[in-house]
Amino acid sequence: MIFRTAAVLLAGATAVMAADEKAPLRPGAPRPGEEAPRGLNKPGARNLVPNGDFETGTGSPGGWQAVDGLSTFWARDDDPAHGKVIRFDTDVLQSQAYDWWAKIASGASAADAPRKQPTVEPKYDTLAGLDGVWFWSDFIPVEKGKSYWLTVDVKGPPILVWLVGYPEKASTSFGADAAAFQEVLAGRRSGRAPDTSRKREVFVHNYVWKGQLAAGGSTGWKTYSRRGKPFRPTSVTPHVRYVRVMIYPFWPPGAYSVDNVRLTEYEEPAGPVSK
């Protein structure tokens, strides 16, 4: 059952949408990312991600989903150069996370988060082994035909970062795009157990395009990008008008830190452009 939700998420990228790249149906732990070359972010290039450095906000960083105080934290890093960052803990029992996430989705504050319950090996019942921990940006407008560079600073084990494309804005409520959590949440609100039959109504995502960036894999801060391959959200899905960034650590169980998420326009060189 390990990586069940991650496998469903990635399988959906190839089965029901135009994906930027083919994703494995059953991912293991992500591979270490490729460090961004120096000078990738040109001086003066405008970062399209609001509050990509996580420095502003009240309780949670502005322009991003709410932190939950159990698996996601908005905290000041030990390195003064990084200031405030997002910290993740994937070594949390899924059962405890779902109980708390349901309260967060109803307006609870991260400041009131419960103390983390102990976990035991092999930890397949944790968020690391099941859902992973997702952290979404708000909607970011993009332009048809344009390409974009995505870079992110990561400290800790390898993670995945997704750029997700939408034709229209949709809900940014907590966990709105987390299918497994939404099914459980709907069951709790209705007082009925989630329907697991084949004829059940399946959760339908609003996004139509996804591209993936592998990042992390170092005990110190490093900046990661897809060397030589910018994101082109409208190349095969021209109706995409908005994107969101989803930061997604999962296996191994443990601590991860993320900072300085940057999305900038990229000027394609002359000649044919690959999709």
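The values are calculated or read from the model by the stated rules, or taken from the named source; none is laboratory data. Since the structure is predicted, the reported quantities are computational estimates derived from the model, not experimental observations. Heads up, the Cβs are rebuilt from the backbone with ideal geometry, glycines too, and the neighbour counts pull from every protein chain shown.
When you scan region 61-74, do you find a residue that is in a loop (DSSP other than H, G, I, E, B), touching a residue at least 24 places away in the same chain (Cβ under 8 Å), hydroxyl-bearing (Ser, Thr, Tyr) and in contact with a helix residue (DSSP H, G or I) (Cβ under 9 Å, 6 or more places away or on another chain), even just one? Checking region 61-74: at least one residue is in a loop (DSSP other than H, G, I, E, B), touching a residue at least 24 places away in the same chain (Cβ under 8 Å), hydroxyl-bearing (Ser, Thr, Tyr) and in contact with a helix residue (DSSP H, G or I) (Cβ under 9 Å, 6 or more places away or on another chain).
Please go through region 94-112 and give me each residue that is of a type in the set (A, V, I, L, M, F, W, C) and either part of a helix (DSSP H, G or I) or within 16 Å of ALA255 (Cβ to Cβ) (or both), ordered by number.
To start, the set of residues in region 94-112 that are of a type in the set (A, V, I, L, M, F, W, C) comprises 97, 100-102, 104-105, 108, 110-111.
Residues satisfying the conditions are ALA97, TRP100, TRP101, ALA102, ILE104, ALA105, ALA110, ALA111.
Residues being surrounded by 22 or more Cβ atoms within 10 Å (Cβ to Cβ) and in a loop (DSSP other than H, G, I, E, B) are entirely absent from region 75-85. Step by step: first the residues of region 236-256, then only those that are more than 11 Å from VAL133 (Cα to Cα) and within 13 Å of the chain's Cα centre (by Cα), then the one that is surrounded by the most Cβ atoms within 10 Å (Cβ to Cβ). Which residue is that? My answer is VAL243. Looking at region 212-228, can you tell me whether even one residue there is at pLDDT below 95, in contact with a helix residue (DSSP H, G or I) (Cβ under 6 Å, 6 or more places away or on another chain) and within 24 Å of ARG87 (Cα to Cα)? Within region 212-228 (the criterion being at pLDDT below 95, in contact with a helix residue (DSSP H, G or I) (Cβ under 6 Å, 6 or more places away or on another chain) and within 24 Å of ARG87 (Cα to Cα)), the answer is no, since none of the residues qualifies. Scanning region 125-144 turns up at least one residue that is on the phi > 0 side of the Ramachandran plot, out of contact with any Cys (no Cβ under 6 Å at 6 or more places or on another chain) and not in a strand (DSSP E or B).
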